[in-house]
């Protein structure tokens with residue numbers, strides 16, 4: 001009987017470790033998606049962003065305005081929005097089945113409609129796993145006010 005209990009406990013520990021490893025891999029996959037999105041923004045690569053952002057994505061920018069995927073890509077293609085550097089930091093991931101919330105910050109050199117928008121930003125992206133691939137479905141960004 002003791003052998004069965006020990007064997008059962010060992011199986012639970014091994015199963016738990018496997019689940020934890022999967023979560024860690026999933027979290028890293030989402031962190032990598034965020035890094036790829038930033039890299040594609042700097043490279044002005046709408047095709048790469050299209051592979052990360054779902055067709056029904058909606059975003060809210062730091063002035064509170066909403067935009068859809070076509071507006072996001074259009075601003076990138078036209079040069080209305082531009083970034084020359086973007087470095088993500090403090091990225092945290094929470095996964096719930098096929099939905100994930102990714103929160104983080106970035107420091108960027110950027111412009112919008114020719115106006116310098118460089119600085120620190122915090123953001124939150126919601127991803128959904130669709131056909132085996134994590135796709136951004138909603139985003140919100142806030143510019144961090146400089147310390148006074």
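The values are calculated or read from the model by the stated rules, or taken from the named source; none is laboratory data. If you're wondering where the values come from, they're calculated on a predicted model, not measured in any experiment. We place every Cβ from the backbone using ideal geometry, glycine too, and count neighbours over all the protein chains shown.
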Looking only at the stretch 65-82, which residues are under 14 Å from residue 113 (Cα atoms) and in contact with a strand residue (DSSP E or B) (Cβ under 6 Å, 6 or more places away or on another chain)? 75, 81, 82
Can you find, within the stretch 36-49, the residue that is farthest from the chain's Cα centre (by Cα) among those that are assigned to a helix (DSSP H, G or I) and surrounded by fewer than 15 Cβ atoms within 10 Å (Cβ to Cβ)? 47
Scan the stretch 27-35 and tell me whether some residue there is over 18 Å from residue 141 (Cα atoms), surrounded by 14 or more Cβ atoms within 10 Å (Cβ to Cβ) and at pLDDT 95 or above. yes
What is the number of the single condition among (1) without any contact (Cβ under 8 Å) to a residue 24 or more places away in the chain; (2) crowded, with 18+ Cβ neighbours inside 10 Å that residue 118 does not meet? (2)
Residue within the stretch 56-65 that is under 18 Å from the mean Cα position of the chain (by Cα), at pLDDT below 95 and surrounded by 16 or more Cβ atoms within 10 Å (Cβ to Cβ) present: yes
